[in-house]
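The values are calculated or read from the model by the stated rules, or taken from the named source; none is laboratory data. The shown structure was predicted, so the numbers you read here are calculated from the model rather than taken from an experiment. Cβ placement follows ideal geometry from the backbone for every residue including glycine, while neighbour counts extend to all protein chains displayed.
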Amino acid sequence: MAVRELAAKDRWDDAEERLLIEAAKSDPAKFGDLYEIHFERVYAFVARRVGNRDTAEDLTSDVFHKALASLRNYESRGVPFAAWLLKIAANAVADQYKRAAREAPGSETAPEPSAKPDVEEVEHRARLFRLVNQLPEDQRQVIFHRFVEQRSIREIAQQFGRSDGAVKQLQFRALQNLRARMEGANA
């Protein structure tokens, strides 16, 4: 089965994933397949907790670097590989909060996020990321600029050379499309 097909599935065959893990243990270049499968899930987990895109990207990168460095020591023990990655991610997020608290005195009042991953929430967000990636290019761009970069309708309209109404319509269609796909995925 192709890695992209495996990554697109909500659930995949544990045996196939174990083969990928073993292949990556013997040849680190094959870790890219595991990265493709689990990137969205890990990024969604981290982004939800840090709330800053740049920090989320950096931490997600760190998670996969740490996972690759520790892959030879990974043992399944009946726990999915994704759970191992999310544990690494939870530790990376906790470390980030500790660093930020040390660097900015007075920020200790900020609550530390839960270190225990909410797997269902992470799965939901990963599915949403996949669905956004399947939108038509103009709808995907509007969703990205509007909700990730938190730009105004006017800013997006100026960037695309379109009217505010046209951007609102694109956003509406994209959200309708996502809603229908999410409902279809949950049915």
Those residues of the stretch 62-77 that are assigned to a helix (DSSP H, G or I) and exposed (fewer than 15 other Cβ atoms within 10 Å of the Cβ) come to a total of 5
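To keep it simple, each residue is scored yes or no on (1) assigned by TED's automatic domain parsing to the domain that holds Glu36; (2) part of a loop (DSSP other than H, G, I, E, B); (3) under 26 Å from Arg41 (Cα atoms).
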{"residue": "Arg151", "(1), (2), (3)": "no, yes, yes"}
{"residue": "Val167", "(1), (2), (3)": "no, no, no"}
{"residue": "Leu170", "(1), (2), (3)": "no, no, no"}
{"residue": "Arg173", "(1), (2), (3)": "no, no, yes"}
{"residue": "Asn177", "(1), (2), (3)": "no, no, yes"}
{"residue": "Arg181", "(1), (2), (3)": "no, no, yes"}
Can you name the residue in the stretch 142-184 that is under 18 Å from the mean Cα position of the chain (by Cα) and surrounded by fewer than 17 Cβ atoms within 10 Å (Cβ to Cβ) and is also farthest from Phe39 (Cα to Cα) among such residues?
Gln150
Looking at the stretch 54-84 only, could you name the residues that are over 17 Å from Gly32 (Cβ atoms) and among the β-branched types (Val, Ile, Thr)?
Thr55, Val79
